[in-house]
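Here is the structure we will look at.
The values are calculated or read from the model by the stated rules, or taken from the named source; none is laboratory data. Owing to the predicted nature of the structure, the values given are computational and were not obtained by experimental measurement. So basically every Cβ, Gly included, is an ideal-geometry build from the backbone, and we count neighbours across all protein chains shown. In case anyone asks, the SASA skips ligands and DNA or RNA and just uses the protein heavy atoms, side chains included. Shrake-Rupley method; radii C 1.70, N 1.55, O 1.52, S 1.80 Å.
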Amino acid sequence: MNVNDPRWASIDAFVEENRDNILRDITRLVAVPSVEGAPEPGAPFGPGPKAALAKALEIADELGLDTFNADSYIGWAETGRIADGQKFLATITHTDVVPEGNGWDADPYTVRVRDGWLLGRGVADDKGPSILCLYALKYLKDSGAALKYPVRALLGANEETNMHDVDYYAEHYPMPAFCFTPDAEFPVCNGEKGGFNGELVSPKFENGIITAFEGGVAHNAVPDRASCTVQVGAGALVQTEGVTFEAGEGGATVIRGWGKSGHAAMPEGTVNAISLIVNCLLKSGVCTPQEEAYLNVLHTLHADTDGSALGIAADDGLFDPLTIIGGTIEMADGVIRQSFDCRYPTNTDPEKMTAAIRKVCGSAATLENVSSRVPFYIDADSPAIQTLINTYNDVTGEGKKPFTMGGGTYARHFPYAVSFGPEHTDIEIPSFAGPMHGANEGTPFEKLIEALKIYILALLRLQEIEL
C-alpha cells in the first residue's frame, strides 16, 4: 500500500502501532450487551444501550479525547472544544445492537478471532467501526494536525430501532457541516432507499387449529427460526422442506422452521423460517378456512423478496430494486401479527404499496402500524463525497464509484452526510462467520485496520475543502 500523500507514513505507523489496542477496545465494547430495553430514568433506551454508550465514552476518555454524554440518548468524543457557530466535521456510529438471535457457536458478546475474522455481535454493526472513529480522532489530536474543522465522533444508542438518538441530537445540538457514518459498505453510499414497515394482522381466530406462533428477533432481520403449535398430531402434517415436528401437550404438534438469517436490506441468499412453516401448514390442509385465508396472505408476502407477488415490485434504475421481508411473527389472544420490512426506490411510494397490500389482504388480514421514510440521495459530484471516494481509491487502488443501497443509516438524518464503509460486499463470508444481524456476525480485522487508515486520511483531506 503506497499512497501518494505526505501524511500517509505517519497514519500507517500510528494504526499499525495500535492494532492490539484496537482489538482490545472492540472486545471491551462488544462485551456490553446493548439491545434496546424498557426505558428507565436516565436510560431512555434501556440499561444496555446506556451501558454501552458509557463504555465507549470511557474508552474515548482513555484515548485522551474530550467527551460528552447527552443524557444517554447519544454521546460524543471530539478533538477539542467546538465554539458556538463553528463549522465542524463529524462521524457517527452506534453502540446499540440487534438481539443476538439463535444459531451462535459461542457467546455473542465475547469477541473471537478466527482466521483473521472477528466474531461477535456488533463487531461489524457497529461497535467495531465506533472504535475506529475514536482512534481516528486520537490520531488527529495526537499528531497536532491543524484542523480547520474540528471533528466530533458521535456515538448513538438507538440506531437499530427508531433512531430517536439523532432526533434528540438534532433538537438540542448543532449539526455538522458534513458527516459520514461507518455503518455500511465501501466505497461511499450517497443514497438510501425509502423504508416502509407495518404488520399483517389476522382476525381473532375462534376454535382454530393454531394456538401459538412465534419467530424472528427484529423486523429488519430475516428470521432463521420460528415455531408454531397446532392442535393436530404430526401424522396429519405434510413433511415439507426446512421444518421439523415435535410432540406438544395434549396431542398438539410443534412445527419448527429452520431458515437462514440476514439483513432485511440484503435478503438474497436468506431463508425465512416463518415462510417454511406457512408452506407446511398450507400443504397440510389442517387449518380452518379463516386461518387458511390468513396464511395465504402470509404466503404471498413470503413468496419472493422483490414484492412481485404482492404487486409492489419497483426498480427506478438509480437504486437497486425494491425488497421486502417478513421479520417477526407473534400470536396473542388468538391474533397473529406478522411484521414486514420493505426498502423501496423512488418510483413507488407508501400510498401505492398500502393499496396493493390491502388488496392482497382482502378480508383475511388487516394492515396495521404502518410507518415509512422517504428515499435519501446526495449528489455524487459534491465536494465532500468526491473527497471520500478519491481517498478510498487512493488507498485501495480499486477505482470504485459511489453507490446507493437499501439499508437505512444515520446519514439521512443530517443535511449533508453519507455512509462510508467499512463493509466489503465482495469479500465472501467464511462458513464459520455470519452477516450483520445474523448469527456469528463477523468482519475481517485487516479490513478494519485498512478502514481506519482511510478514515484518518479522509478527515485530513476534508479539512482542505470548503463546507
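A few notes on this one:
- Enumerated strands (runs of 3 or more DSSP E) restricted to the stretch 357-427, each holding at least 1 residues that are under 21 Å from F340 (Cα atoms) and out of contact with any Ser or Thr (no Cβ under 6 Å at 6 or more places or on another chain): 366-373, 403-405
- D341 being in a strand (DSSP E or B), within 28 Å of P203 (Cβ to Cβ) and modelled with pLDDT of 95 or more: yes
- Just one of (1) of a type in the set (D, E); (2) open to solvent by less than 30 Å² (accessible area, probe 1.4 Å); (3) over 21 Å from the mean Cα position of the chain (by Cα); (4) under 23 Å from G103 (Cβ atoms) fails for D341. It is (3).
- When the stretch 17-54 is filtered for residues that are surrounded by fewer than 19 Cβ atoms within 10 Å (Cβ to Cβ), among the charged types (D, E, K, R) and touching a helix residue (DSSP H, G or I) at 6+ places or on another chain (Cβ under 8 Å), the ones remaining, listed by number, are R19, R28, E40.
- Those residues of the stretch 96-149 which are open to solvent by 30 Å² or more (accessible area, probe 1.4 Å), within 19 Å of M436 (Cα to Cα) and of a type in the set (G, A, S), in sequence order: G103, A106, G116
- Taken as a whole, the structure leaves G442 outside the set of residues that are open to solvent by less than 20 Å² (accessible area, probe 1.4 Å) and at pLDDT below 95.
- Restricted to strands (runs of 3 or more DSSP E) entirely inside the stretch 205-261, those with at least 3 residues that are open to solvent by less than 20 Å² (accessible area, probe 1.4 Å) are 210-215, 225-230, 253-258.
- Any hit, the stretch 384-403, residues being farther than 29 Å from E17 by Cα, touching a His at 6+ places or on another chain (Cβ under 9 Å) and aromatic (F, W, Y): no
- Residues satisfying the stated conditions in the stretch 262-292, i.e. out of contact with any helix residue (DSSP H, G or I) (no Cβ under 7 Å at 6 or more places or on another chain), part of a loop (DSSP other than H, G, I, E, B) and surrounded by 19 or more Cβ atoms within 10 Å (Cβ to Cβ): A264, A265, M266, P267, T270
- Test result for A153, open to solvent by 40 Å² or more (accessible area, probe 1.4 Å), over 18 Å from the mean Cα position of the chain (by Cα) and among the small types (G, A, S): no
- Residues of the stretch 293-310 that turn out to be open to solvent by 60 Å² or more (accessible area, probe 1.4 Å) and in contact (Cβ under 8 Å) with a residue 60 or more places away in the chain, as a count: 1
- Residue, nearest to I378 (Cα to Cα), within the stretch 324-338, restricted to residues that are in contact with a Ser or Thr (Cβ under 6 Å, 6 or more places away or on another chain) and surrounded by fewer than 22 Cβ atoms within 10 Å (Cβ to Cβ): T328
- The one condition from (1) more than 15 Å from the chain's Cα centre (by Cα); (2) at pLDDT 95 or above; (3) open to solvent by less than 30 Å² (accessible area, probe 1.4 Å) that F420 does not meet is (1).
- Set L452, L448: member being aliphatic (A, V, I, L, M), open to solvent by less than 30 Å² (accessible area, probe 1.4 Å), closer than 24 Å to D107 by Cα and not in a loop (DSSP other than H, G, I, E, B): L448
- Condition met for G408 (touching a residue at least 60 places away in the same chain (Cβ under 8 Å) and touching a strand residue (DSSP E or B) at 6+ places or on another chain (Cβ under 6 Å)): yes
- Scanning the stretch 344-356 for residues that are more than 19 Å from the chain's Cα centre (by Cα) and not in a loop (DSSP other than H, G, I, E, B) turns up P350, E351, K352, M353, T354, A355, A356.
- Test: residue in the stretch 382-401 that is touching a Gly at 6+ places or on another chain (Cβ under 8 Å) and on the phi > 0 side of the Ramachandran plot: no
- Against the list (1) open to solvent by 20 Å² or more (accessible area, probe 1.4 Å); (2) part of a loop (DSSP other than H, G, I, E, B); (3) of a type outside the set (K, R); (4) in contact (Cβ under 8 Å) with a residue 24 or more places away in the chain, the condition A313 fails is (4).
- Close pairs from the stretch 349-377: first farther than 19 Å from K193 by Cβ, partner open to solvent by 70 Å² or more (accessible area, probe 1.4 Å), Cβ under 6 Å, at least 6 apart: L367/R358
- Test: residue in the stretch 71-79 that is more than 19 Å from the chain's Cα centre (by Cα), open to solvent by 10 Å² or more (accessible area, probe 1.4 Å) and within 23 Å of D107 (Cα to Cα): no
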